Structure formats: C-alpha cells, structure tokens
Amino acid sequence: MYVYAHVNDLFAMNLVLFGPPGAGKGTQGSVLAERRGLMKISTGDILRDAVRAGTTLGIEARKFMDAGELVPDSVILGLVREAIEDAGSGFIMDGFPRTIAQAEGVDAMLDEMQKSIDAVIVLEVPDEALVKRLSGRRSCPNCGSIYNVYFDKPKHDEKCDRCNAELVHRADDKKETVVRRLDVYKQQTQPIIEYYQTHGAPVHTIDGDRGIEDVQRDILQILDR
Ligand code: AMP
C-alpha cells in the first residue's frame, strides 16, 4: 500500500485533455487516470449524473445539453471547484474548460490552492470522423459500456454485450445536435488553446484519429518526457 501511494505520487500531475466532442477525451482520460492514479474530472459526466438523479442542477443543465449548447460558466465553475478540492494529488480534466471564462476561472482557483496545470493535451480528429463517432455512439445505461454502430457494433442488435440492457442513443449524440456541438466547440472552446499557449501551460497536440492504444502511447510519451 505504501509503495503504491509512493509510485502514484511520482506521477502526480494536473492535466487538461482537450479536443472536440468525440475526440476520445473520455476514453483516454479513464485509461490514463487508472494508469497514473489521477482523478478524472469530467464535467459532462458530473452533469449527466445530475440529470439522471433529477436534481435542480440536472433539470436546468439538461435543456442546454440536449440542444448541444454549453451550460453557464458560473454553474460549471462551482462543480469544478468541488471536484478539484476532492482530487488530492493530481487530476485530469476532460471536457473542461470549454470557454475562456472557464479557463480564467479555474486558473484563479488553482492559484488560490497553489496548484497549476502541468500540461494540456489536445486530441485532433477531423470533423467527418467526429460526426460518425458521435452520431454512431450507443451507450449502456446499466454498465456504462460504449459501442458504435459504424465501428464497434454490439453483437445482438442494440443490446449490451456485457449485461444485455437496451442501449441508448444520447439525445446530444443525434446528428443535428452533434453538428451544433462541433460549431460551439470551434467558436467558444478552440480559442482556449491560444489562451494556454500565451499563459505558459505546455500544449501538446496529438493525432486522435487512431486506435485507443496508439493515442494513449503518445500521451504517455509526452508525460514521461
Ligand atoms: P461532454 O460529454 O463533455 O461532451 O458534455 C456533454 C454536454 O454537457 C455538453 O454538450 C454541454 O452541454 C455540457 N457540458 C459539459 N462540460 C461543460 C463545460 N465545461 N461547460 C459547459 N457545458 C458543459
């Protein structure tokens, strides 16, 4: 137990996994979090949990999410502060920040906590691939397994291979909403890359249009440099 904690401390880093919706941030973030003992902070997951639980936050957030729009910055920054306080020795942010105001807000928060962002990893994937990845995505509401009707079909129609539950197509993965989400990314989120470049956090760009293991290997190589 002592050795395990010690090894994880060596890798303690605060990372931002950046990229358009469907670039693979969630998948890469989960694998990396497990490998490096970091906490993954996904604002999308936090919001979806709130929607599922039917909380006031969830009911409010859902309207924005289903339309492919961003949830207001003030709401998101409150959620992230709590998550960072819980994160302890290192975190990976997935799907956050998504606006310059969020990037500035979290910088101020981290300053207060005497923490900082160690690296920003940008996953690049062409738009056509993103549309297929997102609009083809089906997820299991029971065990969380993810499939894709184009590249990674479930064995039996639209049922989960692992637990046989009926798979769902997220409202925000419908084609029109996907197109809107990509537009919102270009207008409001992409400018954050320049923000980090001018504010000193190292930014590394990776070709995300490859298999999960290839992308993960590149991320690990960057972090180990
Ligand atoms: P994701 O799973 O990260 O693509 O997030 C799904 C949806 O949740 C987004 O389309 C937004 O509506 C909302 N969302 C997630 N993270 C944020 C954020 N940092 N700022 C604003 N809205 C967010």
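With the highest mean first, a sort of the peptides 153-163, 128-138, 207-217, 17-27 on other beta-carbon atoms found within 10 angstrom per residue produces 17-27, 128-138, 207-217, 153-163. Entry comment: accessible area of the range 65-200 is 52 Å² per residue, from protein heavy atoms only and a probe of 1.4 Å.
How would you classify the range 131-225 from its alpha-carbon gyration tensor, with a ≥ b ≥ c the square roots of the eigenvalues: rounded for a/c under 1.5, else prolate if a/b is greater than b/c, otherwise oblate? In terms of gyration-tensor shape, oblate.
Taking every DSSP beta bridge that has both ends in the chain, the antiparallel portion is near 25%.
Measuring nothing but protein heavy atoms, the accessible surface of the range 174-225 at 1.4 Å probe radius is 47 percent carbon and sulfur. Extension gain, Ser116 to Gln187: 0.36 nm times the residue separation minus the Cα-Cα distance gives 23.0 nm.
Extension gain for His156 to Glu34 (0.36 nm times residue separation, less C-alpha to C-alpha distance): 40.9 nm. Among the listed pairs Lys63/Lys132; Lys40/Lys115; Lys40/Lys186; Lys40/Lys132; Lys115/Lys186, which have their C-alpha atoms separated by more than 18 angstrom in this model? In this structure, Lys63/Lys132; Lys40/Lys186; Lys40/Lys132; Lys115/Lys186 lie more than 18 Å apart at Cα.
Could you look at the range 21-68 and say what percent of its accessible area is carbon and sulfur, using a 1.4 Å probe and all protein chains? Of the solvent-accessible surface of the range 21-68, carbon and sulfur hold 55 percent. Remark: spin-label model distance Cys163-Ala101 equals 3.7 nm, labels positioned 7 Å along the Cα→Cβ axis.
Subtracting the Cα-Cα distance of Leu220 and Thr27 from 0.36 nm times their residue separation leaves 68.1 nm of extension gain.
Once the convex hull of all Cα atoms in the chain is built, its volume per residue stands at 137 Å³.
The values are calculated or read from the model by the stated rules, or taken from the named source; none is laboratory data. Keep in mind the model is a prediction, meaning the values are calculated, not measured. Here the Cβ is made from the backbone with ideal geometry for all residues, glycine too, and neighbour counts use every protein chain on show. The protein model used for the area step is the full one, side chains on, heavy atoms only, and it has no ligands, DNA or RNA in it. Shrake-Rupley method; radii C 1.70, N 1.55, O 1.52, S 1.80 Å.
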